[in-house]
1. Mind listing the long-range amide H neighbours of G110? Cut-off is under 5 Å, sequence gap 5 or more, other chains count too, H placed in the peptide plane at 1.01 Å from N.
2. Pop a pseudo-label 7 angstrom from the Cα along the beta-carbon direction at both N109 and V55 and give the gap in nm to one decimal.
3. Rounded to the nearest 20 debye, what is the charge dipole size of region 87-179 about its Cα centre when +1 sits on each Lys and Arg Cβ and -1 on each Asp and Glu Cβ?
4. Along region 137-145, what does the Karplus equation 6.51 cos²θ - 1.76 cosθ + 1.60 (θ = phi - 60°) give for ³J(HN,Hα), rounded to whole Hz, x for Gly and Pro?
5. Would you kindly state how much longer the chain becomes between H143 and R167 on full extension, computed as 0.36 nm times their sequence separation minus their alpha carbon distance, in nm to one decimal?
6. Per-residue HN-Hα couplings for region 27-41, Karplus 6.51 cos²θ - 1.76 cosθ + 1.60 at θ = phi - 60°, whole Hz, x for Gly and Pro?
Amino acid sequence: MSDINASLGPLERVNDRWIVGDYLRPGSVWLEFGADGLYQHAGREGRAGKTEEQVIPWSRVMLIGFTLGGKHPPKGSYGVRALLGGLPGPWRGHGRGYLHLTLRHPYENGLVTFDRHPRWYDLTDLSWFQELLRQTAGEGEAHRFADAEWLGRAVGALAGQRIRSARGMRDAVAAARQL
């Protein structure tokens, strides 16, 4: 896995797989948008000495939210560690991101974590990522994240755009989802 050819914040295409988080760092936790669901790969061992990995089927995902730097930052989606984690110095690459999920059958809230990359995440790209997650899951189409080609087209349409209004962002994501 070394051919990174598209990204949107922590979401990146590596060869033919869509990965969220730093999969290269030994012991890191990262996510994969797979055919059967959202895979959480855990390089660390859990309390019982087992590697904690899980798969959440796309059919269970109702809503997805995204935070970076804190599970529940006091203001907005990005905590202080989110800003520090991309800067040069001792904080570089430290911190985590979280996907907050509302799941069905049974109905419950879920939380999956990933370790951030040492690179800077552009705040606009983070907003694109958040809006793409929100709209796609909100429309009952979370299963589309399993389609690497569709996700590639959507990310390609959004990456590099610099729309600054909330309405412009919603419209651009809606258009990208139709590709």
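1. L101, T102, L103
2. Taking the simple label geometry, N109 and V55 are separated by 2.7 nm.
3. Roughly 300 debye, rounded to the nearest 20.
4. Karplus values, whole Hz, x for Gly and Pro: 5, x, 8, x, 10, 4, 4, 5, 5.
5. 6.2 nm
6. Coupling constants for region 27-41: x, 7, 10, 8, 10, 10, 7, x, 5, 8, x, 8, 9, 9, 9 Hz.
Values quoted throughout were computed directly from the atomic coordinates according to the rules given, and no laboratory measurement underlies them. All values derive from a computational prediction rather than experimental measurement. Positions of Cβ are generated from backbone atoms using ideal geometry, with glycine treated the same way; all protein chains shown enter the neighbour counts.
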